Structure formats: structure tokens, C-alpha cells
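Written below as C-alpha cells is the structure these notes are about.
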Amino acid sequence: MMKFCCLIVTIFCAIRVSNCGRLTGNCLTSNGKCARKGVACDDAFGEGWIDMGKCCNDRPCCIYKCPNLCRSANYSCGFETPECVFQFVTPISDYVWSYKTGPTNTGGTGPSGAAEGTHYLYTEANNGEKGDTAILTTEAANLPACPYCLSFKYHMMGPEAGSLEICVGEKGLPYGKKWEYIGGLSLSHDDWQKVTLNIPEYCNPVFTIISTKNGTIGDVAIDDIILRTGVCD
């Protein structure tokens, strides 16, 4: 299956004319456009654009800056109820995120119980085929345009544990990988690990969590996800 995460590719300004020479370094950015000579970026493309350097024939390179839409927000997913900003993506196999209490169904892998409370999510390594993915995403939510602090607890135990990835990006564009762990890390059924990540500001951010199957002794579990605006302590 094609990997859901891919690196955001830097693109050139959308408009170029013949014999105009090279664009400035400021134009080497995603969402960059060249306005008409003497026309302000806001006038050419609407609100949210700023002049940044020069393109061909002294036209301004317009870089999109998200309007000031940042507001305080705090999202918590302990999986004691179905309410969570991270939602399931419709699976294409039976390798899926599932609610669980207590130990998982496979010996030699999985936690003995939740990291917090009584419920957690996990992917059963006996299901699906190698390379299958189970995905959680905030795609359906309209999150504020802010820097974020993302923290969560995860459990990966077993000789055939796959990978767990965190991807972040602009809605509607390819997402970049921000964090990944491959293979078994937890040393016991009670050995939950914690990750805390600072995420830079995106105009329309989407957060995605991906578990990829490797073998049959490698359940992946996640719990206590906290996504809040601002910088991590």
C-alpha cells in the first residue's frame, strides 16, 4: 500500500514569463505566486498575501500568510468515550485501530491495560497483511492556525512490531512526517512510552497518526493524546 505520509515538495512560483531570468529565493516557496508589476499582492489575490521579494520584471512575489486565526484550544483523547478530534479513516483491511481494555489478544505483545483510565486504542498484529496501515486523523476538524504541542503515550512490544508515525501538514496538501518509531521499544506489558512534540503553525493544520503492520507479534497501542495550542512546557 502506498505510504500515506510524504514529504512536502517545495515548488516554484506559479507564474513565469520568457526572458525574465531567475526568480528570487523568496519565490522558492509553496503557495508562492507572482503578482502583476505595480499591483499589491492583496489586490491581485485577495487577503492573506504579502509582498516578498521580486519575481520577473520587478513583479512582487506574493507569499500566502494565513490571517490571524489562532485561538486557544485544547483537545484530549483518553478513549473512555468516542469523542475525539482524531477520527478513524475507513480501513481497506482488517488491520484497524480498535478500542481495548486490559491486555491484547496476542501473547508476548501489547500492554496489560491502558496508560490512563481503562480504555486505549490498539492495532491487532494478527490482523491484516504486512504493510497494512491503520490511520487516525483530524482531517474532519477545522483546527485553529496556531503552533501546537502534541503529546501521547504509546506501547510497542514484540519482535515483529511495525512502525508508528506522526504526520502534520496543510489540509489538502501532502503531509510531512514529524516523528516515527520503528520496531519494539516497550520492555514489558506495563512499559508505556511518552512523546511530546512541538508543531509549527499551519494555516489549516491536519494531524495524522499511522500504525503500519510488520508481523504477527507486534501490537501497537496509543493512549492519552493531548493536542493543545502553544509551545510545549
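The values are calculated or read from the model by the stated rules, or taken from the named source; none is laboratory data. What you are looking at is a predicted structure, and each value in this text was computed from that prediction instead of being measured. Note that each Cβ is placed from the backbone with ideal geometry, even for glycine, and that neighbours are counted across all protein chains shown. All accessible areas refer to the heavy atoms of the entire protein, side chains included, with ligands and DNA or RNA removed. Shrake-Rupley method; radii C 1.70, N 1.55, O 1.52, S 1.80 Å.
Tabulated results
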quantity: Rg to Rh, two decimals, where the stretch 114-233 supplies the alpha carbon set and Rh follows Kirkwood; calculated: 0.98
quantity: Distant-in-sequence amide H partners of residue 112 (H built 1.01 Å from N, under 5 Å); calculated: 190
quantity: Net charge dipole size for the stretch 101-233 [Lys, Arg +1 and Asp, Glu -1 on Cβ; Debye, nearest 20]; calculated: 220 debye
quantity: Residues residue 232 and residue 51, FRET efficiency given R0 of 41 Å [Cβ-Cβ distance, rounded to 0.05]; calculated: 0.75
quantity: The chain - charge dipole about Cα centre, Lys and Arg +1 at Cβ, Asp and Glu -1, debye rounded to 20; calculated: 1260 debye
quantity: Accessible area in square angstrom per residue, the stretch 125-233, 1.4 angstrom probe; calculated: 38 Å²
quantity: Rg(Cα) / (2.2 N^0.38 Å) computed for the stretch 45-176, rounded to two decimals; calculated: 1.45
quantity: The stretch 169-233: trypsin sites (Lys or Arg not before Pro) in DSSP loop, at most 11 other beta carbons within 10 Å; calculated: none
quantity: Hits among lysines - C-alpha to C-alpha of residue 54 under 22 Å, sequence gap 8 or more where chains match; calculated: 33, 37, 65
quantity: Convex hull volume of the stretch 178-222 per residue (C-alpha atoms, cubic angstrom); calculated: 90 Å³
quantity: Charge dipole of the stretch 144-233 about the Cα centre (unit charges at C-beta), most positive-ward option of 147, 225, 185; calculated: 147
quantity: Where only C-alpha atoms are counted, convex hull volume of the chain per residue in Å³; calculated: 140 Å³
quantity: Per-peptide average of other Cβ atoms within 10 Å, ordering 150-160, 96-106 highest first; calculated: 150-160, 96-106
quantity: Under Karplus coefficients 6.51, -1.76 and 1.60, residue-wise ³J(HN,Hα) of the stretch 154-161 in Hz, glycine/proline x; calculated: 9, 9, 9, 9, x, x, 10, 4
quantity: Cα centroid separation, the stretch 90-139 to the stretch 205-228 (Å); calculated: 8 Å
quantity: Local electrostatic count, residue 170, Cβ distance below 15 Å [Lys/Arg +1, Asp/Glu -1]; calculated: +2
quantity: Where labels lie 7 Å past Cα in the beta-carbon direction, separation of residue 189 and residue 65 in nm; calculated: 5.5 nm
